[in-house]
Amino acid sequence: MKVKSLKIQNFRNISDISLEFDDKTNVICGENAQGKTNIIEALWLFSGVKSFRGAKDNDLIKFGEKSAKISVDFQMLGVENQATIIYSDKKTVYLNEKKQQYASNLAGKYNAIIFSPSDLTLVTDGPDKRRQFLNIAIGQLYPNYIEMLRNYSRAVMQRNKIIKDYRYDKTVSIMLDVFENEIVDMGNKISKYRKRYVDILNKYVSNIYGGISSGKEIIKISYISKSGILDLEKLEKSREIDMFNATTSVGPHRDDISFEINGIDARSFGSQGQKRSVALALKLAGAEVIKEVSGEYPICLLDDVMSELDENRQNYILNHIKNWQSFITCCDTSNIKNLKDGKVITIKNGGVI
């Protein structure tokens with residue numbers, strides 16, 4: 001897919017800006033805190049996923065303003081589209097002038113992958129970061145997965161509230177049965193989606209990681225389901241333990257991904273360079289999966305990540321995405337010196353100079 005143009009109003013530190021983009025490479029330059037990442041963030045939000053910076057919707061509105069608006073013109077599978085998101089007391093989303101119930105309705109209709117410095121800790125951070133990676137990647141491909149996650153999370157939250165009282169009042173088990181049935185139903189579906197996604201991911205990640213490591217290392221990714229296939233018996237057995245912690249101890253919200261390099265656990269024994277290479281390979285492989293499922297590559301958003309990588313990894317990324325549309329932020333253009341063409345946009349104080 002290709003993004004043709006982006007219009008931003010009262011978003012973060014940007015008052016009013018209109019941008020047109022190159023079909024291949026777009027470099028967004030400027031000093032820190034000038035608005036580069038805000039442009040990347042705006043482009044990302046149309047994927048139907050929340051801010052990669054963890055911001056709440058109210059945080060996206062420019063200080064002193066009551067609302068913010070971002071609009072994008074893009075092409076997907078040869079079809080021209082236009083999407084708009086308005087942030088005020090609530091979020092309103094339009095696709096081709098038709099109001100959408102949720103921003104997640106844009107998932108699968110607008111595809112993007114994002115690299116940011118925090119993504120380079122995908123291997124070293126806790127399992128919640130890796131589950132988030134899976135949820136975002138799968139949710140872009142299958143919007144119904146997002147609804148499953150929403151229902152599952154709601155059921156777990158309700159069980160956690162009720163389980164506190166279970167210690168003193170066993171009659172609440174009737175209410176627990178209702179939510180545990182939903183946890184089993186949604187949880188097994190979520191695990192199935194994740195396992196299938198990891199299987200597809202493995203087809204691509206080995207070649208990509210092999211390219212990054214110059215063929216010296218072999219990677220394998222595995223989905224680790226700590227509770228296995230869920231059933232009511234497992235949840236009932238965990239009640240006694242869960243009531244003391246007021247939490248649900250079994251289910252896909254506890255699962256993880258493991259990475260092995262030449263048969264050795266990368267998270268425990270990998271070097272810093274190997275861990276970063278795994279993170280890069282995961283993201284690039286995710287783009288290949290999107291291409292396989294949707295028929296087109298997503299746009300690639302690289303937010304201030306080039307300066308975090310050595311020259312070999314920089315070159316690999318730039319060579320790998322040369323046939324996709326990319327958006328790269330940087331303070332120092334020397335980090336992208338191997339780019340031969342494209343468009344350079346310089347940002348200062350939330351505007352183009």
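Rule-based calculations on the coordinates, nothing more; no lab input. As the structure is a prediction and not an experimental result, all values here were calculated from the model. Here Cβ is always computed from backbone atoms with ideal geometry, including for glycine, and neighbour counts include all displayed protein chains.
Quote to one decimal, in nm, the extra length available between Asn181 and Glu20 on full extension: 0.36 nm per residue of separation minus the C-alpha distance between them.
Details: separation 161, 0.36 × 161 = 57.96 nm, distance 4.99 nm.
Residue separation times 0.36 nm, minus the Cα-Cα distance, leaves 53.0 nm.
Please compute the length gained on full extension between Tyr168 and Lys192, using 0.36 nm multiplied by the number of residues separating them and subtracting their Cα-Cα distance.
Extra length available between Tyr168 and Lys192 comes to 5.1 nm.
Mind checking the dipole of the chain: about its Cα centre, +1 per Lys or Arg Cβ, -1 per Asp or Glu Cβ, Debye to the nearest 20?
On the way: 51 positive and 44 negative charges, 44 e Å.
In debye, rounded to 20, the chain gives about 220.
If the elastic network links every pair of Cα atoms under 10 Å, which of Thr171, Thr124, Thr84 fluctuates the most in the Gaussian network model of the chain?
Of the options given, Thr171 has the highest mean-square fluctuation.
Between Rg and the Kirkwood Rh of segment 118-295, both from Cα atoms, what is the Rg to Rh ratio?
1.05
Going by alpha carbons, how many degrees (0 to 90, nearest 10) lie between the helix axis of 127-141 and the longest principal axis of the chain?
The helix 127-141 is inclined about 70 degrees to the chain.
Under the classification rounded if a/c is under 1.5, otherwise prolate if a/b is larger than b/c and oblate if not, where does segment 113-213 fall, given a ≥ b ≥ c as square roots of the Cα gyration tensor eigenvalues?
Cα axes put segment 113-213 in the prolate bin.
Over the Cα atoms of segment 243-353, what radius of gyration and what Dmax do you get, in Å?
Rg, Dmax (Cα atoms, Å): 18.7, 60.
Filter the GluC sites (Glu not before Pro) in segment 11-73 down to the DSSP loop ones having no more than 14 other Cβ atoms within 10 Å, then list what survives.
Glu31, Glu65
State the dimensionless ratio Rg/Rh of the chain (Rg: radius of gyration of Cα atoms; Rh: Kirkwood radius). All intermediate terms of the calculation are to be shown ahead of the outcome.
Numbers: Rg = 21.7 Å, Rh = 21.7 Å.
Result for the chain is an Rg/Rh of 1.00.
Exposed loop chymotrypsin sites (Phe, Trp or Tyr not before Pro) only (DSSP loop, at most 14 other Cβ atoms within 10 Å): please give the longest stretch of the chain free of them, not including the sites. Before the final figure, lay out the partial values.
Details: sites that count: Phe63, Tyr102, Tyr168.
After excluding every exposed loop site, the longest remaining stretch is 169-353.
Against the longest principal axis of the chain, how steep is helix 36-45, in degrees 0 to 90 to the nearest 10, with axes from Cα atoms?
Tilt of helix 36-45: around 50 degrees.
Any idea what the relative contact order of the chain is, in percent, if you count C-alpha pairs under 8 Å spaced at least 6 apart?
Numbers: 624 pairs, mean separation 94.5, N = 353.
With pairs under 8 Å counted, the relative contact order is 27 percent.
Using only the Cα atoms, work out Rg/Rh for segment 181-241, with Rh taken as the Kirkwood radius, to two decimals. Mind showing how you got there, number by number?
On the way: Rg = 16.8 Å, Rh = 13.9 Å.
Ratio value, two decimals: 1.21.
Return the Cα extents of segment 1-110 along principal axes one, two and three, sorted largest first, each rounded to a whole Å.
38, 33, 22
Nearest 10 degrees is fine. How inclined is helix 143-166 to the longest principal axis of the chain, computing both from alpha carbons?
Here the helix axis deviates by roughly 40 degrees.
What is the distance in Å between the Cα centres of segment 78-107 and segment 244-303?
If we compute the Cα centre of each part, the gap is 29 Å.
Mind telling me which of Lys56, Lys220, Lys189 comes out most flexible in a GNM of the chain, alpha-carbon contacts under 10 Å?
Answer for the Gaussian network model of the chain: Lys56.
Select from Lys161, Lys24, Lys36 the residue whose mean-square fluctuation is largest in a Gaussian network model of the chain (Cα-Cα springs shorter than 10 Å).
Among Lys161, Lys24, Lys36, the largest mean-square fluctuation in the Gaussian network model of the chain belongs to Lys161.
Using a cut-off of 27 Å between alpha-carbon atoms, which lysines can reach Lys234, once sequence neighbours fewer than 8 places away in the same chain are excluded?
Lys129, Lys161, Lys164, Lys170, Lys189, Lys192, Lys195, Lys226
How much mean residue ellipticity at 222 nm does the chain get from its helices, if each DSSP H run of length 4 or more adds -39500 (n - 2.57) and you divide by all residues, to the nearest 500 deg cm²/dmol?
Numbers: 9 runs with 139 residues, N = 353.
Result for the chain, helices only: -13000 deg cm²/dmol.
Note down the relative contact order for segment 118-295 as a percent, whole number, built from C-alpha pairs under 8 angstrom at least six residues apart.
Values: 208 pairs, mean separation 55.8, N = 178.
Reported relative contact order: 31 percent.
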